[in-house]
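Note sheet for the following structure.
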There are 2 protein chains.
Amino acid sequence: MAKLKETAQQVELELDRILPTPDGNPLGEPMRHAVLNGGKRLRAYLVMESAKMFGVDNKKAVAVASAIECMHAYSLVHDDLPCMDDDDLRRGQPTVHVKWDQATAVLVGDALQTFAFEILGGLNTSAEVRVTLMTTLAKAAGANGMVLGQVQDIAAETARKKLNLEQIAQLQANKTGALIEWSATAGAMIGRQYIGPLVEYAAALGQAFQIVDDILDVEGDASTAGKRLKKDAAAGKATFVSLLGLDGAKSRAAELIETANGALAPYGASADPLRHVAQFVLHRDM
Amino acid sequence: MAKLKETAQQVELELDRILPTPDGNPLGEPMRHAVLNGGKRLRAYLVMESAKMFGVDNKKAVAVASAIECMHAYSLVHDDLPCMDDDDLRRGQPTVHVKWDQATAVLVGDALQTFAFEILGGLNTSAEVRVTLMTTLAKAAGANGMVLGQVQDIAAETARKKLNLEQIAQLQANKTGALIEWSATAGAMIGRQYIGPLVEYAAALGQAFQIVDDILDVEGDASTAGKRLKKDAAAGKATFVSLLGLDGAKSRAAELIETANGALAPYGASADPLRHVAQFVLHRDM
């Protein structure tokens, strides 16, 4: 999707501008490796497009988009650690603990989380907006959001207990849904508007995103994805695909994208970019 | 020091009240293990006493003190990991990765960092004060503060390059000094007052704290300290003691405490509790 690439370029320029530089800081190079790795920048896109809907200045939106990409990158660096998912490859590149070492990966993740808050704190907007963004992000990322989802995921794998559909949906709502929701509502938060319809959109979008992830783990091409696939079956994990079948998972994802787009009705055509990204999420191959 | 114990009790009551509970959240038990471990609560004390100096309501101060203790606890959980300092014991108790596993330790640390920001974001005070506390804490904890110090420490150890006095002072100013400074200035930030003299106090106090740490690593009693000692010599690390000698380190620490207390002159007797904690730092045995 051309617009997604455009957003990615803008946000990567900003990240390149604000991340510590390798000459001045030993964390500069590994932090940049972790963040500037050719990600899809879905979360950044949701921030930027929701911001446009509420007339938010582009410069502010780019900064907020950079913050969420740092938070997301931190979670990937820690997820890839040997004691977690133990992945050597991310977007076709060696992961941080492979290229450097585990200590560096732990610390780079730690620093990227902190940096996300630092970016939001330095935003050129009112203290009310900044504190709202920072506090909601902390809620989304922490022990009742993303990190909880990660713990639930590991617990299910360790116990080799197959989760049911509702449990998987809940786990994924925490693990990936919380940051996706934050991103889609960020524009309204910066613009100090009601976030309700965007929450509904993001919840359906986030679940569809995860179902497509499960489908790609089965059907995808490892070189396109730039990471190891077929991991879930190897780990004996229950997924949306193992529970619904491939066809069932595909139609469920399509339904969720309908739901997501339906939730945008109050915004009319101004929400078209969010509708396009929903189509992208459904049809993506990486 | 009785007053330090009193602060510890208050802050631990608050932490017990706000941390996720074990029955509702799989992170509850390991997060509590990491935070409620009988620490000295030096950072909490600095927050509470600096807050008193500026007439800040005790309830707010206790919340801010809880946040800094979560941030500190996160750094200890990650520092203790096998890929970092590889410590099995912390205050006489098994560390998180020993009692649970490494994945849990990574995620508990991650969640505690996030929780520190969540606490500050929920503070019952103006958005300006909250955003100041959150942003300065992010600066103190991140890639130009605490995490940088940790990276510098590991780099010196890996390269087996002996640092000189200035380099060690700089490393420690990042690794432990930044959070100590934040704690000592927190009261002024909440009260929206000039933080200058407290920065000077905290810089000297933080360095004295670290020198005493190095002295205790050589002279201390492992059962009183509740952790492995004599680590620095075993690792062939340059420390304040290896560079200054035991007597030199002791007199340097005493000088720094003089400097710290001198910086408090503008506050008169209202800063006596901060002077007392400086004496405690100099004479502590754990």
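Could we say that residue B:219 is of a type outside the set (A, V, I, L, M), surrounded by fewer than 22 Cβ atoms within 10 Å (Cβ to Cβ) and closer than 27 Å to residue B:132 by Cα here? Answer is no for this residue.
A search for C-beta distances below 7 Å between a residue of segment A:96-115 that is under 12 Å from residue B:78 (Cβ atoms) and any residue that is of a type in the set (D, E, K, R) and in a helix (DSSP H, G or I), counting only pairs 6+ apart in sequence or on different chains, returns A:113/B:110. Somewhere in segment A:73-90, is a residue among the aromatic types (Phe, Trp, Tyr) and touching a Gly at 6+ places or on another chain (Cβ under 8 Å)? Yes; the residues of segment A:73-90 include at least one that is among the aromatic types (Phe, Trp, Tyr) and touching a Gly at 6+ places or on another chain (Cβ under 8 Å).
Select the helices (runs of 4 or more DSSP H) contained entirely in segment B:15-83, then report the ones holding at least 2 residues which are touching a strand residue (DSSP E or B) at 6+ places or on another chain (Cβ under 9 Å).
Working: elements: B:28-35, B:42-53, B:58-79.
Correct list: B:28-35, B:58-79.
If you go through segment A:203-243 and keep only what is touching a helix residue (DSSP H, G or I) at 6+ places or on another chain (Cβ under 9 Å) and of a type in the set (Asp, Glu), you end up with A:213, A:214, A:217, A:219, A:232. Every listed requirement among (1) in contact (Cβ under 8 Å) with a residue 24 or more places away in the chain; (2) assigned to a helix (DSSP H, G or I) is met by residue B:138 save one, (1).
Scanning segment A:151-189 for residues that are within 14 Å of another protein chain (Cβ to nearest Cβ) and more than 22 Å from residue A:233 (Cβ to Cβ) yields A:151, A:174, A:178, A:179, A:182, A:189. Going by the structure shown, is residue A:258 more than 30 Å from residue A:159 (Cα to Cα) and free of Cβ contacts under 8 Å to residues at least 12 places away in the same chain? Judged against the criteria, residue A:258 is a match.
Scanning segment B:234-254 for residues that are free of Cβ contacts under 8 Å to residues at least 60 places away in the same chain, under 19 Å from residue B:207 (Cα atoms) and among the aliphatic types (A, V, I, L, M) yields B:241, B:246, B:249, B:253, B:254. Counting only residues that are under 13 Å from residue A:66 (Cβ atoms) and among the polar types (S, T, N, Q), which one in segment A:3-40 is surrounded by the fewest Cβ atoms within 10 Å (Cβ to Cβ)? Among them, the one singled out is A:9.
Checking each residue in segment B:91-104 for being of a type in the set (D, E, K, R) and buried (at least 22 other Cβ atoms within 10 Å of the Cβ) picks out no residue at all. When the residues of segment B:19-46 are filtered to those that are hydrophobic (A, V, I, L, M, F, W, C) and closer than 21 Å to residue B:106 by Cα, the one that is nearest to the other protein chains (Cβ to nearest Cβ) is B:27.
Condition check ((1) in contact with a Lys or Arg (Cβ under 6 Å, 6 or more places away or on another chain); (2) over 30 Å from residue B:55 (Cα atoms); (3) modelled with pLDDT of 85 or more) across all residues:
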position	(1), (2), (3)
B:162	no, yes, no
B:178	no, no, yes
B:186	no, no, yes
B:212	no, yes, yes
B:216	no, yes, yes
B:240	no, yes, yes
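Flag set for residue A:43, criterion: under 27 Å from residue A:175 (Cβ atoms), basic (Lys, Arg) and buried (at least 19 other Cβ atoms within 10 Å of the Cβ). Pull up segment A:87-119, narrow it to residues that are within 7 Å of chain B (Cβ to nearest Cβ) and in contact with a Cys (Cβ under 6 Å, 6 or more places away or on another chain), then point me to the one that is farthest from residue B:134 (Cα to Cα). Per the stated criteria, the residue is A:102. Remark: pairs (first residue in segment A:218-233, under 23 Å from residue A:163 (Cα atoms); second residue among the charged types (D, E, K, R) and in a helix (DSSP H, G or I); Cβ separation under 7 Å; 6+ apart in sequence or on different chains) = A:229/A:217; A:230/A:217; A:231/A:217; A:232/A:214; A:232/A:217.
Each residue in segment A:148-163 was checked for being buried (at least 19 other Cβ atoms within 10 Å of the Cβ) and without any contact (Cβ under 8 Å) to a residue 24 or more places away in the chain, and 3 of them qualify.
When the residues of segment B:62-90 are filtered to those that are touching a residue at least 40 places away in the same chain (Cβ under 8 Å) and in contact with a Lys or Arg (Cβ under 7 Å, 6 or more places away or on another chain), which remaining residue is surrounded by the fewest Cβ atoms within 10 Å (Cβ to Cβ)? If we take residues in segment B:62-90 being touching a residue at least 40 places away in the same chain (Cβ under 8 Å) and in contact with a Lys or Arg (Cβ under 7 Å, 6 or more places away or on another chain), then B:89 is surrounded by the fewest Cβ atoms within 10 Å (Cβ to Cβ).
Taking residue A:107, is it buried (at least 24 other Cβ atoms within 10 Å of the Cβ) and at pLDDT 95 or above?
Yes: the conditions hold for residue A:107.
Only one of the numbered conditions (1) modelled with pLDDT under 95; (2) over 25 Å from residue B:154 (Cα atoms); (3) surrounded by 20 or more Cβ atoms within 10 Å (Cβ to Cβ) is not met by residue B:276, and that is (3). Out of all the residues in segment B:125-150, which are in contact with a Phe, Trp or Tyr (Cβ under 9 Å, 6 or more places away or on another chain), under 30 Å from residue B:57 (Cα atoms) and within 7 Å of another protein chain (Cβ to nearest Cβ)? Once the filter is applied, which keeps residues that are in contact with a Phe, Trp or Tyr (Cβ under 9 Å, 6 or more places away or on another chain), under 30 Å from residue B:57 (Cα atoms) and within 7 Å of another protein chain (Cβ to nearest Cβ), segment B:125-150 yields B:134, B:135, B:138, B:139, B:141, B:142. When restricted to residues that are crowded, with 20+ Cβ neighbours inside 10 Å and either aromatic (Phe, Trp, Tyr) or in a helix (DSSP H, G or I) (or both), segment A:257-272 contains 4.
Report whether or not residue B:56 is in contact (Cβ under 8 Å) with a residue 40 or more places away in the chain and under 16 Å from the mean Cα position of the chain (by Cα). No: the conditions fail for residue B:56.
The values are calculated or read from the model by the stated rules, or taken from the named source; none is laboratory data. Since this is a predicted model, take the numbers as computed values, not measurements. Cβ sites come from the backbone with ideal geometry, for glycine too, and all protein chains shown count toward neighbours.
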